[in-house]
Amino acid sequence: MRWLKMMLFLFILAVPLGPGGGVLSAAESSLISVEEAMSQFVSGGLAYKEGDYDRAIKEYEEILKGGRESGTLYYNLGNSYFRKKDYGRAILNYERARRLIPRDSDLNFNYYYALAQAGADRRRGELNFFRKMMASHVLFYTLDEMILISAGLSFLIAVVHLASLYLRGSRRIRRSILGALSVFLIFYLFGSVVKMESRRNSAVAVANSEAKFEPRDEATTYFSVKAGTKIKILKTQEAWAKIRREDGKMGWVPQKVFEYI
Amino acid sequence: MRVKALFVGQYRKIFWIGLGFWFLLLRAGGAQDIGFYAEVDRKSVGLGSTIQLTFTLEGTQEIVSLPLTEIDNFDIRYLGPTTRVSIVNGRYSSSKSFVYSLFPLKTGRLTIPSVAIHVSGKTYTTDPLEIEVTDTSARLPAGTAPAPSPAQPETSRLEDKIFLVLEVPQKEIYLYQKVPVRVILYVTDLTVTDIHFPELKQIGIDVGKLDRPKQYQQIMQGVRYQVVEFNMAVYPTRTGDLTLGPVNLECNIIVRTSSRGSPGVRGPSSIFDDDFFDAFFDRQEKRPVTLRSQEAVLHVLPLPEEGKPQNFSGAVGQFNFDVSASPLEVNAGDPITLRMNVHGDGNLKAVQLPALSSLQGFKIYDPQVKEEEQAKTLEQVVIPNSSEIKDIPAIEFFYFDPGLKKYQTISRGPFPIRVRKAEDREGLKIVGGEKQLDIVEPEVVGQDIIFIKDSPGTFYLMGRHVCHDSRFYTVIVIGVGVWIALYAFYQRTHKMETDVVYARRLLAPKEAGKGLRQAARLKALNQKGEFYTALFKTLQQYLGNKLHLSSGAVTFATVQPRLSGCIEPAVLEELKHIFEECDAVRYAPAALDETAMSGSYERVQKIIDYLERHLR
């Protein structure tokens, strides 16, 4: 009975602890319903099929303003920008879609095709085996999937641990299984952290620009930033932002030339 | 109404103050003289450091930029303009400054020439400035630096500290011949970062892939240089005298620069002009430079016509050629793969492997060519048309050896094959085989993005993740709670099974309670002897469990030494009394009445309660 009481107490404690907490945020007050989002999505699709890409973009962006997003929505929006030859924004939306549907083959094809068309810089430094493996691992899952897999692995570890205690199995087998599960758990937890970190302050250049040595128009140009290039925003100063390209080069660009992913 | 509002209330005061200020500006502005000056933040600088040159134009802001793009012996960089407006004692003055960063390219006494500008029809000129540039290597840490020697041998130049050399070992070569080229960066007394790969774009010369650069040190004429060596190969594609280079290489030099204010602020003979303060205030910055090597002239000879094979395709160098065919036994209409491999040192990129289009009795498909670092491989599928074919004829590869200065031929084959008739293969006959084989022809396909999707998938709340969902945390907390509960339960059960002392201690109050209830029942039946026996046994069993003793061995004499330090003497005395009472009643039960029994019962109960609280 004492355990039951404790469980009940934990449950009561947990419900208001969650960040959602049942409190409607200010952003949610202007939230559109799923049905409205669906209706606008269909309108956007029709406009695209008629070749009216501006209207398609407007319809799709209305859904985003209404607080709803989906991987396919970003994919279609990316296609609409691509048709308008705005490769920077097309790649930006494909990047956003990759957060939600990273394994979608159509998306990945369009993304790399848009990159090739834009001639965007994707110059990564040399990656060692572990970093390559981690990069492909991180790109394969969404953040939610990684968190759920980590939670599932933790649950499995607890079950195996208790089962081995109560069923009195071999200690060696128990250690092997728990060790393997723990390695997987660490791998997924680390992947989640890497994914969160890689998404923090990531942006895509939406227009061709030049990165300067200093945040001034007259400063010497260090390197060029092509539309569609993925960059990391290190800090901002008035209308300028210090960025780092994937090859590690750093410079200052006007804030208007990029959008956060 | 709005105009009127300007002259009433709080606006009236602001209006008159503004008007007065405007008249003041107009009156003072006309009276200011125009001046144009040049100044530097320091007159003496080490090679490898920068100085700041400021042109100040006073009295007007008409000039947007200065006609200054280069200064001899300096690398110049425009940092930008600054503007200053001041009103002191009603006198308005304004000035505009143009700030440049100068990087001296050699040591010695260098001159910044005068600069002239034209304002309102008049010409204003700055005075020339003298700058003393000393050798960086003489700039030792504070306290150890000797005074600059008057007999300094000769002028040091930046080009002596960082330079690029293009080395071509062979100047007279044949067309298409591979020429190894070394581009070497020498650096001394400077810190260089962000070294780019050298650029060599040349008409008439094909430039090969750059190898990974090598880094080492080299002493030349008594000076130790840090060396970065890039190796590449070039291939001349036309005859005559070709100029190779210059090679450009971009890098950044780390230079020292003063972070202090301008000399105008500090005054010309400020105590902060001391070397000590220079070292303290100096900061470093990257200065991009483009280095340029010398040129080299290649005399490119045409390939000799004498002895030139008819099928020579332009391979120049030293090569080996291997050919293999498999399988060697096939049915008519089945493919045979011919693998040709050319490896060696030469212009592999331009090497054409032997064409087999004229091979009689075979159907030939487009070859697959694979190029590696030192080899080129060609895979060619050939299909014998009939069983009459007995071999694949010999294949010849021709190349020109520049060392021997003559053409060489390598012949491989013929390759005997056995072709069976097609009828021999029951059930495997290809109907319309020729047509089917046509599908392997490479198809030209268009490329574009994939069409939009009709289904939106799941709509999520913007920026919401599973970790923002309270249900997720609820499940996690419940899961952890269950795990802790089950683990704690297991630990307790396990200890009960394995630790007898713990188990007996834990069970002692439970068993004592049972014994007391039995005694209470006997008391109610007024069975005095049995009651005291039950009471005695309960006490014995309880103390036995608590002190981990055999129950039968528990008497006051056995428990007294173990309890005397743990409990109060009064309780110990009470315990002794109970033991004695129980002993006495068992031999003379009639001596006690029901009140005495109740008293004994309560005393035992109290003692057990007390021991339960104090005996750990």
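Nothing in this text is a laboratory measurement; each read-out follows from the coordinates by a stated rule. What you see is a predicted model, and the numbers here were worked out from it, not measured in a lab. Cβ atoms come from the backbone with ideal geometry, glycine included; neighbour counts cover every protein chain shown.
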Q. Among the helices of chain A (complete DSSP H runs), which have Cα atoms covering no less than 15 Å along the helix axis and a Kyte-Doolittle mean of at least -1.0?
A. A:2-17, A:34-49, A:71-83, A:87-100, A:105-118, A:129-140, A:143-167, A:171-199
Q: Compute the distance in nm between two label points, each set 7 Å from the Cα along the Cα-to-Cβ direction, one at A:Lys58 and one at B:His614.
A: 9.1 nm
Q | Cut-off 14 Å between beta-carbons: net charge of the residues surrounding B:Ala375, Lys and Arg +1, Asp and Glu -1 | A | -2
**Q.** Alpha carbon centroid spacing (whole Å) that separates region A:71-95 from region B:198-239
**A.** 43 Å
Q.
Run the count for region B:500-614, please: Lys pairs, Cα-Cα under 19 angstrom, 8 or more apart or on different chains.
A. 17
Q: Normalise the Cα radius of gyration of region A:29-118 by 2.2 N^0.38 Å (N = residues in it) and let me know the number.
A: 1.03
Q.
Net charge within 12 Å of A:Asn110 by Cβ-Cβ distance, Lys/Arg positive one each and Asp/Glu negative one each, not counting A:Asn110 itself?
A. -1
Q. Roughly speaking, what % of Cα-Cα pairs in chain A are separated by over 28 Å, rounded to a whole number?
A. 52 percent
Q) Relative contact order for chain A using alpha-carbon pairs under 8 Å, separation at least 6, rounded to a whole percent? A) 15 percent
Q | FRET E, pair B:Ser387, B:Gln310, Förster distance 22 Å, beta-carbon r, rounded to 0.05 | A | 0.10
Q | Where trypsin sites (Lys or Arg not before Pro) fall in DSSP loop in region A:138-241, at most 13 other Cβ within 10 Å | A | A:Arg168, A:Arg200, A:Arg216
Q) For the pair B:Asp72 and B:His299, what calculated FRET efficiency results from E = 1/(1 + (r/R0)^6), where r is the Cβ-Cβ distance and R0 = 35 Å, to the nearest 0.05? A) 0.45
Q: Would you tally the net charge around B:Val466, using a Cβ to Cβ cut-off of less than 11 Å, leaving B:Val466 out, and scoring K and R as +1, D and E as -1?
A: -1
Q | Per-residue mean of C-beta atoms belonging to partner chains within 10 Å, peptide A:66-73 | A | 6
Q | Long-range HN-HN contacts of A:Glu246 with modeled amide H, under 5 Å | A | A:Arg123
Q | Entries of A:Lys232/B:Lys214; A:Lys249/B:Lys96; A:Lys132/A:Lys249; A:Lys65/A:Lys249 with Cα pairs more than 28 Å apart | A | A:Lys232/B:Lys214; A:Lys249/B:Lys96; A:Lys65/A:Lys249
**Q.** In nm, spacing of pseudo-spin labels at B:Ala596 and B:Gln218 (7 Å Cα→C-beta vector)
**A.** 12.0 nm
Q. Each label point is 7 Å from the Cα along the Cα-to-Cβ direction; what then is the distance between the points at A:Leu189 and B:Gln527, in nm?
A. 6.3 nm
Q: Could you list B:Lys528, B:Lys201 in order of exposure, starting from the residue whose Cβ has the fewest other Cβ atoms within 10 Å?
A: B:Lys201, B:Lys528
